[in-house]
Every structure is written in structure tokens, then in C-alpha cells.
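Accompanying notes for the structure given below.
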Amino acid sequence: MAVATLAADFAYGNTRLRARKGEFLGAAEYERLLGKDVDGVLGALAETPYAPDVEATLARHHGAPALNDAVRRHLARTLEEMRSFYAGPARELVDVLLSRFDVGNLLALLRAKAGGTPPEDALLALVPLGWAEDALAREILRQHELPGAVELIVRWLPDAEQGRVVRAAFAEYERTEDLASLEHALIADHCRRAVERVESAGAGGETLLEYLRREIDEQNLLTVLRLRADLEDRRQDASAHADALPGGSVEPAALADAARLPGRDAVAARLVELGRESWREPLERWAASGDLVLLERELGRALAAGAVRLFLDGDPLAIDVPLAYTVAKQTEARNMRLVAESAVRGRDAGDVRAELVQAGAA
């Protein structure tokens, strides 16, 4: 489905979002949360914009599940409110932006059913936004077998084309029992259609298109480098672009060719030439250490920071502000999961502090 090409009116919604920028948790709020137990974190959150979400979850959960539920509820509520600020072509672009949660929920449901995860535990991995609200998700998770769950998903998906892709990918999964291939097929379909929809939108969506393409390029970059590491360990040969995602700016085959160069320094230099100057320092550190976990973290932090800066230097009459808000809320949710891990498992507060990303600081 193409996004309408009429001019998108972002003025009202962007004004509302800019007014909410001060509601993000900042360094002082995180500092107050660190070192507390779960009940202490919930109590502190009840004095922040998370208050209605804490109140709602305490009617159903306690302890660690309550904290996780409050975080996912808050993310879903604030992003659904954001969606309501827009109409027409602007709303359609915001829908594309938020469709990442639709596919994320789809994958989480399939993983849960394939792995036998208890329904209440599986729900805590979902963001109840869009089609996968908790009531529907519970019904899907109640199905005794995975095929029944897939049939319900296909029936309830609002996009018939996506439903056909899900059914075809699941048919292949039944033949191979390869869950990773099933997930890749659904993610690739999401990437392709999201890029196509934004490309068709014309003015107002350029920043979202660049964000999506960069995100895809960086996933493809990490894929070829992981395969390179596997090949070095196993001394095998394989096609390095078999699992590439469509829609990026850099040809996956070119990334794969670069990854085959001898020596990590040569690989890093060639990947920077193919991609972005912003990749240079993270790739140089990867070349020195071979640490792909660190590379993924640094690329993700840089992508998020660039998006959040759009609050300040983006186009105030385009998708830039909803993009900044969405990424900032996602980053805040990630931070809160780290805080929850510290509260539940007693993880060192200093280690958690070092991993926090101050999304509201821009």
C-alpha cells in the first residue's frame, strides 16, 4: 500500500510532541532509580509520567513483572497518543514509523509459541501498540499449536499482503523448522514495504527514509561481519549476502565482498568507503578488537543519537519530530529494562549507568 502523495501536515502534532520533550527521564531520574529494589523503582516511577502505567500494572502484577509491564505499557500508551496527533498523509507516515512495533510483536508471538513460553511471560515481551493489543495477543497465545496461532495472526493482521507473506513463510517453516529463516522472511518483507511506502510519500518523509535505509545498511553490515567471524572460526565457505535485508542504500553484495578482504583493517576501510563516514571510528575499534557486540552497540547508539537530535535540528514541519520522539521513547524503554535488570538481579549500578543512553538530553 502506497502512502498518499498529498502534502503532509505535521504542524499540530509536532507542536504537541515538542511540548512533551520535557517528560523524558533524564540523568537525575535514572540516578534516583539506580540502586533501588523493584518496589523502590516502581514507587519512584509513580512520581513521573509513568504514574498511570504503574497504577494500571499493579492491579495485575507485582515485583519484576510489574516493572516490565509498566515499561511496555508506557511505551505503547505514549506512542499511541503520538499517533492520534496526526491525520491524513502525516498519519500514514507515522503509521509506517510505528509499523516496526507491529513486526516486532509478530516475531515475539511466533517465538513464544514455537518455544512454549507461558502466555503471561510472552505478553511482557510485547508492546501493546497497533494490532497486537493484549486481548488479541492472549487469544493467539492460548492456541494449543503454532499453526492455529498463525491462522489467528493472519486473520487479524490489518494488512492482507503481510498476511499472505506470513502464511507463505510459515509454510516454509513447517517444511524446514528453521525459525531464523521464518523471522528473516518477515523482517525482510517489513523492510521492503516500509521503504517503498516512504519513497512514495514524497516531501515530508525524507528523513524517515534515510533513517530506515541506514538502519537496514547497519543490520546488513553486522550480518556480513558475523558471517566473516563464523567462517574464520569454522574454516567454511558460504554466501555472505544470503540473509541481507532489502531497502538499504548499500548493495548487500558489495558489503559481502568487503567482508571477504584479508585483514580486518582492510575490511573496515572498504566498508567505510561503501557506507558512511560515521562508521569509521566504530569499525576501526572492531578492526582492533574483533568485538562485534561493541560494534553493534556503538552503531545503535549513534543511530539513536542522530534521530533524537532531530528535536533540535530537524525539519519542524516533517516526520523528523515524530521520528525523534519515537526513538527517544524506545531508548528510554531500553534504559528502563537495564534499570529493571539492576533491581532484579542486583547488577552493579556503575555498569548499568555506563550503558544508559540519555535520550532526552538533546
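A simple rule links phi to the HN-Hα coupling: the Karplus curve 6.51 cos²θ - 1.76 cosθ + 1.60 with θ = phi - 60°, which for the range 119-127 gives x, 5, 5, 5, 4, 5, 8, 9, 10 Hz, with x for Gly and Pro. Each residue of the range 226-233 is assigned a 3J(HN,Hα), and the resulting list reads 5, 5, 4, 5, 4, 5, 5, 6 Hz, derived from the Karplus form 6.51 cos²θ - 1.76 cosθ + 1.60 (θ = phi - 60°), x at Gly and Pro. Applying 1/(1 + (r/R0)^6) with R0 = 25 Å to the Cβ-Cβ distance of ARG167 and HIS144, what FRET efficiency is obtained, to the nearest 0.05? Approximately 0.85, to the nearest 0.05. Rolling a 1.4 Å probe across the protein heavy atoms gives the chain an accessible surface of 46 Å² per residue.
When only alpha carbons of the range 89-224 are considered, Rg and Dmax amount to 15.5, 47 Å. What separates the Cα centres of the range 268-286 and the range 323-349 is a distance of 28 Å. Once the Cβ-Cβ distance between LYS21 and LEU179 is put in as r, and R0 is 45 Å, what FRET efficiency do you end up with, to the nearest 0.05? Calculated transfer efficiency: 0.70. Remark: the chain carries a charge dipole of roughly 300 debye about the Cα centre, counting +1 on each Lys and Arg Cβ and -1 on each Asp and Glu Cβ. Sparsely packed loop sites in the range 109-216 (the trypsin sites (Lys or Arg not before Pro) outside DSSP H, G, I, E and B with at most 14 other Cβ atoms within 10 Å) do not occur. Taking the charge dipole of the chain about its Cα centre, with +1 at Lys and Arg Cβ atoms and -1 at Asp and Glu Cβ atoms, the residue from ALA19, GLY204, VAL321 reaching farthest to the positive side is ALA19. Ordered from longest to shortest, the equivalent ellipsoid semi-axes for the range 1-108 are 32, 17, 11 Å, each the square root of 5 times a Cα gyration tensor eigenvalue.
The heavy atoms of VAL96 present about 10 square angstrom of accessible area, all protein chains included, probe 1.4 Å.
If the label point is 7 Å along Cα→Cβ of ARG347, which residues in the range 39-60 have backbone nitrogen under 17 Å from it? Within reach of a label on ARG347: 39, 41-42.
Under 1.5 on a/c is rounded, so check that first for the chain, then, if it is not, pick prolate when a/b is larger than b/c and oblate when it is not; a ≥ b ≥ c are the square roots of the alpha carbon gyration tensor eigenvalues. Cα axes put the chain in the rounded bin.
P(r) tail for the range 184-288: Cα pairs beyond 18 Å make up 50% of the total. Here is how the number arises for the chain: DSSP H runs of 4 or more residues each give -39500 (n - 2.57), the sum is divided by the residue count, and the result at 222 nm is -23000 deg cm²/dmol.
Taken along the Cα-to-beta-carbon direction at a fixed 7 Å, the label points for GLU210 and ALA229 span 3.0 nm.
The values are calculated or read from the model by the stated rules, or taken from the named source; none is laboratory data. In this text, all values refer to a predicted model and were calculated from it rather than measured experimentally. All Cβ positions, glycine included, derive from the backbone under ideal geometry; neighbour counts span all protein chains shown. Side chains are part of the model used for accessible areas, which takes the heavy atoms of the whole protein and leaves out ligands, DNA and RNA. Shrake-Rupley method; radii C 1.70, N 1.55, O 1.52, S 1.80 Å.
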